[in-house]
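Presented below is the structure to which this report refers.
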Amino acid sequence: MPIVVNLDVMLAKRKMRSRELSEHIGITEQNISLLKSGKVRGVRFDTLSRICAVLQCQPGDLLEYRPGPEDELPPQDP
Amino acid sequence: MMQAMSPSASAESLPKPSPTPMDRVRRIAELMRGMVLVGGTLFTIATLAMWATPEWIRLGVSQQVGLEPGSITITPAVQFYGALISLVPLGLGIFGMVQVWFLFGEYAQGRIFTAIASRRLRRLAWSLIAAAATQVVARTLHGLVLTMNNPPGKKMLVLSVSSNDYSFLIFGVLLLGIAWVMVEATRLAQENAEFV
C-alpha cells in the first residue's frame, strides 16, 4: 500500500496514547490500531479532520505517499 | 424562589428517545421467533393429530385433496401412510421455520449484513419453493392413499394446484431475489466497515 500512515509518530510527538485519541474522536481503539498499522481500506474526511483537530496537525503530517514498483506509471509515448 | 427537582421527577419530564430502526428490528425479531416457535409446534401437533383422528381426516384432508368425505376409506394403514406423506411438507415447513428462527436471531444481535444471515434467507427461500412443489405432490399421494382401499373403479388420482401453492412459489422466489441482493449488501457493508 503506497499510502503510509504516520499516526504513531504524531501521537508520540503530542505525547498522547491511542486510547485517549479514540475517546476524543469517537472511534474505537481497535480502529485506531488498524489505522496506525495501515490495515484499513480508507479514512473518512470526518475522521481525518477530527484527528487533525485533536493532534493539532495537518493531514500531510499523518499521511505520506511512498510509491512502490507496482505504482509506477506506464511509459508514455513521445 | 427556585425549587430543586427530584431526580425521578426530572427523569420523568425528559422526552423518551424515539425508537431507532435497530430497536424495531430487535422487536420484530423477538416477535418472529415467538411466532415460529408457537406456529411450528402447533402445526406439527395439528398435522399428526389430524391423521390420528379418522373424523378429522374425513372433514379436513379429504376436502384439501378435493375428495368427497364419503368416497374415502380410512384404515390404520391409510392413517400411517397419510401421516408419512405429510411429514415431507411438514419437514420442509419446520426447516423453513428453523431458518427464520436463526435468521431473526442474527437480526436481534444486530448482525444484519452478514454471510450467515444471507445464507439463512436463501435457505428459507428454497424451502418455500420446495414446499410449493411438495404440497402438489403430497395432495396427489394423499388422494391415492385415501382411496387405496376402495373397490376397483373407485380409486382416485387427484392432481390439483391451488392459489396457496402459487403464493408459496411467488414468495419463495421473491425471498430468493432479496437474499441475493443481501449478499451484495453484505459485501458493501463489509467494505464500508474497512473505512475508519
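Within the stretch B:24-72, the set of residues being among the β-branched types (Val, Ile, Thr) and more than 30 Å from residue B:152 (Cβ to Cβ) comprises B:25, B:28, B:36, B:38, B:41, B:44, B:45, B:47. Residue count for the stretch A:6-35, restricted to those that are farther than 15 Å from residue A:61 by Cα, more than 11 Å from every other protein chain (Cβ to nearest Cβ), crowded, with 17+ Cβ neighbours inside 10 Å and of a type in the set (A, V, I, L, M): 1. Filter the stretch B:155-168 for residues that are under 22 Å from the mean Cα position of the chain (by Cα) and either of a type in the set (Val, Ile, Thr) or modelled with pLDDT of 95 or more (or both) and give the result. If the condition is that a residue be under 22 Å from the mean Cα position of the chain (by Cα) and either of a type in the set (Val, Ile, Thr) or modelled with pLDDT of 95 or more (or both), then B:161 is the only one that fits.
Restricted to the stretch A:36-45, and to residues there that are within 14 Å of residue A:2 (Cα to Cα) and either of a type in the set (Gly, Ala, Ser) or within 8 Å of another protein chain (Cβ to nearest Cβ) (or both), the residue that is most open to solvent (accessible area, probe 1.4 Å) is A:41. Summed over the stretch B:98-140, the residues that are more than 14 Å from the chain's Cα centre (by Cα), assigned to a helix (DSSP H, G or I), among the β-branched types (Val, Ile, Thr) and more than 23 Å from residue B:60 (Cα to Cα) give a count of 1. Taking the stretch B:52-83 as the range and being assigned to a helix (DSSP H, G or I) and touching a Leu at 6+ places or on another chain (Cβ under 9 Å) as the test, the residues that pass are B:57, B:61, B:62, B:65, B:69, B:71, B:78, B:81, B:82, B:83. Only residues that are in contact with a helix residue (DSSP H, G or I) (Cβ under 9 Å, 6 or more places away or on another chain), in a loop (DSSP other than H, G, I, E, B) and more than 14 Å from chain A (Cβ to nearest Cβ) were counted across the stretch B:141-196, and they come to 13.
Residues in the stretch A:46-58 that are open to solvent by less than 20 Å² (accessible area, probe 1.4 Å) and within 11 Å of chain B (Cβ to nearest Cβ): 2 in all.
The values are calculated or read from the model by the stated rules, or taken from the named source; none is laboratory data. No experiment lies behind these values; they were computed from the predicted model shown. With ideal geometry, Cβ positions are generated from the backbone for all residues, glycine too; neighbour counts draw on all protein chains shown. For the accessible areas, the whole protein counts, side chains as well, though only heavy atoms, and no ligand, DNA or RNA atoms are used. Shrake-Rupley method; radii C 1.70, N 1.55, O 1.52, S 1.80 Å.
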